[in-house]
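Enquirer: Pasting a structure below so you can have a look.
Just so it is clear, none of the values below were taken in a lab; they were calculated from the coordinates. It should be emphasised that the depicted structure is a prediction, and the values quoted were computed from it without experimental measurement. Positions of Cβ are generated from backbone atoms using ideal geometry, with glycine treated the same way; all protein chains shown enter the neighbour counts.
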Amino acid sequence: PAIEYELEAPVSVEYHDSIGSTNDRARELAATGATDVAVVADEQVGGRGRLERAWSAPSGGVWLSLLTRPKITPARAPLYTLAASVATARAAREAGVDARIKWPNDVVVPVGEDGEYRKLAGILTEMEGEMDRVEWIAVGIGVNANIDAADLPETATTIREEAGDVDRRRFVQRLLEELAEYRTDLESVVPAWRELALTLGQRVRVERPSGELVGDAVDITDSGALVVETADGNETVAAGDCEHLRP
Ligand code: BTN
């Protein structure tokens, strides 16, 4: 295999040279009752992004989905996604990349001083459960690792481009270890997220289900919602897509 995943992870690891989507595989495993499994692939041929977008996932990346069954309510599930972005940004920083986070969970590398960036990694969380209880959660993490930036969309960057190739085995191990720590300490996610945030202090346009909002991103709440200061006062946005505007 292209990556030897004989790693000492806090979960079991299933490795694929090539797969449709690691998130689809995690869903399949969830249906069999499995838990605490990371599905990792060298290449995905049907990678999926947020908002039904396709996600380019050529050979050389870190394409991973972590299936767990945390004892939490669905309202707290966004914290898992934030945890994944924090763990990913930290692992990338250790690899020498100036990785930051764009709300809610894009890992980006700043370009210049105006809040512009290129995307290094994205997170796609999927789950099943009832109102009061999460049945399972699959956190999909896609990191543009050892890939030529020219092979990805223009808005993307890669670890290779920013800092040279990483040891993917160590990178994944590091990622899974840090995620395991947040499982027992979900409260520490938000302060860690704030430290890495590129979005705070930016002028933003947020697309949310109820419409568009423009203002200054001033904070995130304990549950990970973005606080936007507008001419009419502060608004809190639990979920949506955010764009940094020129100041
Ligand atoms: C985004 O739109 O920013 C989220 C991208 C998530 C991509 C990862 S790669 C591993 C996992 N499997 C998928 O099909 N998608 C996620």
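Enquirer: How large is the translational diffusion coefficient of the stretch 140-215 in µm² per second when you combine the Kirkwood radius over alpha carbon pairs with Stokes-Einstein at 10 °C and 1.306 mPa s?
Expert: 102
Enquirer: In which sequence would S59, S65, S12, S210 go, from the one with the fewest C-beta neighbours within 10 Å to the one with the most?
Expert: In increasing order of surrounding Cβ atoms, one gets S210, S12, S59, S65.
Enquirer: Figure the gain on full extension for E28 and E177 (residue separation times 0.36 nm, minus the Cα-Cα span) and round it to one decimal in nm.
Expert: Values: separation 149, 0.36 × 149 = 53.64 nm, distance 2.37 nm.
Length gained between E28 and E177: 51.3 nm.
Enquirer: How much length is gained on full extension from E207 to A163, taking 0.36 nm per residue of separation minus their Cα-Cα distance?
Expert: 12.6 nm
Enquirer: Would you mind ranking L66, L176, L152 so that the residue whose beta carbon has the fewest other beta carbons within 10 Å leads the list?
Expert: With the fewest neighbours first, L66, L176, L152 line up as L152, L176, L66.
Enquirer: Fully extended, how many nm does the chain gain between A231 and V111 (0.36 nm per residue separation, minus their Cα-Cα distance)?
Expert: 40.4 nm
Enquirer: Tell me the Kirkwood hydrodynamic radius of the chain in angstroms, computed as one over the mean inverse distance between distinct C-alpha pairs.
Expert: For the chain, inverting the mean 1/r across all distinct Cα pairs yields 18.2 Å.
Enquirer: Right, here's the next one. Measure off 7 Å from each Cα along the Cα-to-Cβ vector at A238 and E187, then give the distance between these two points in nanometres to one decimal.
Expert: 2.2
Enquirer: Please report, ordered by residue number, every helix of the chain (full DSSP H runs) that is 15 Å or longer along its axis going by C-alpha atoms and whose mean Kyte-Doolittle hydropathy reaches 0.0.
Expert: 77-94
Enquirer: Mean projection of the alpha-carbon convex hull of the stretch 1-126 over all orientations, in nm²?
Expert: About 8.8 nm², averaged over all directions.
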